[in-house]
Amino acid sequence: MKIKNKALFLDRDGVINKNFGYVSSVKNFVWLKNAKKAIKYAYVKKYLIIIVTNQSGVARGFYSEKDIKILHSQINKQLKIINCKIHDFYYCPYHPKFGNTKYKKNSYLRKPNPGMIFKAVKKWNIDLDKSLMIGDKKTDMMTAKRSNLRFIKKKYNLLKEVKKNLLSK
């Protein structure tokens with residue numbers, strides 16, 4: 001049987017970058033202190049690094065899915081400089097109350113639903129028992145709970161949280 005992977009699931013805004021509300025491009029993406037080091041630490045420990053982020057700014061018409069994809073590509077370009085990467089980015093562009101017809105809907109992908117986690121588990125063969133999620137909001141905690149995933153609330157320093165909580169396996 002194929003060995004399952006361990007993963008570090010991270011919320012994006014407020015966890016790896018400053019949350020200015022509707023962050024959609026490199027010009028308003030500001031890394032939080034030690035976030036890159038935290039990602040590198042987990043990467044070196046052989047964790048898959050996976051971002052799961054609600055992006056209702058798409059539904060609201062503030063930016064496009066293409067903008068998100070460009071930003072995520074730029075994030076990985078910056079991480080490549082320190083020899084690591086985020087393995088995958090999952091985002092939910094939908095919102096149940098706001099937006100145009102295409103994006104205005106209840107979605108199983110939207111946190112606190114576990115859809116993005118389960119998509120990643122299927123694609124990357126992830127063992128949830130060996131994985132964890134770090135987020136800064138109640139919706140992140142609820143998503144982790146609904147996925148049977150250990151949850152750590154990000155407080156101040158992502159690097160400290162990661163070092164303290166990653167299994168050394």
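Every number in this text was worked out from the coordinates using simple rules, so none of it is lab data. Note that the coordinates shown come from a computational prediction; the quantities given were computed from them, not determined experimentally. Reconstructed Cβ throughout: ideal geometry from the backbone, glycine too, with neighbour counts over all protein chains shown.
Multiplying the residue separation of VAL44 and LYS80 by 0.36 nm and removing their Cα-Cα distance gives an extension gain of 11.7 nm. In this label model, ASN165 and LYS153 are separated by 1.1 nm, measuring between points 7 Å along each Cα→Cβ vector.
Given axes a ≥ b ≥ c from the Cα gyration tensor, I'd like to know whether segment 7-165 is rounded (a/c under 1.5), prolate (a/b larger than b/c) or oblate. Judged from the Cα gyration tensor, segment 7-165 comes out oblate (a/c at least 1.5, b/c at or above a/b). Run through segment 1-49 and list the trypsin sites (Lys or Arg not before Pro) located in a DSSP loop whose Cβ has at most 16 other Cβ atoms within 10 Å. Passing sites in segment 1-49 are LYS2, LYS4, LYS18, LYS33, LYS45, LYS46. Bridging of LYS37 to aspartates and glutamates at a Cα separation below 12 Å is possible for GLU161, once same-chain residues fewer than 8 apart are set aside. Ranking VAL58, TRP124, VAL162 by Cα position along the charge dipole of segment 7-165, where only Lys, Arg, Asp and Glu carry charges on their C-beta atoms, puts VAL162 farthest toward the positive end.
Over the chain, Cα pairs under 8 Å with separation of 6+ residues give a relative contact order of 28 percent. Among the chymotrypsin sites (Phe, Trp or Tyr not before Pro) within segment 23-131, those in coil by DSSP and having at most 16 neighbouring Cβ atoms inside 10 Å are PHE62, PHE98, TYR108.
Since only PHE151, CYS92, GLY115 are under comparison, the one whose Cα sits farthest along the positive direction of the charge dipole of the chain, derived from C-beta charges on Lys, Arg, Asp and Glu, is PHE151.
With R₀ fixed at 41 Å, the C-beta to C-beta distance from ASN28 to ASP129 puts the FRET efficiency at about 0.65. Listed by chain and number, the lysines whose alpha-carbon sits under 19 Å from that of LYS33, ignoring those within fewer than 8 places in the same chain, are LYS18, LYS77, LYS80, LYS85, LYS137, LYS153, LYS154, LYS155, LYS160, LYS163, LYS164.
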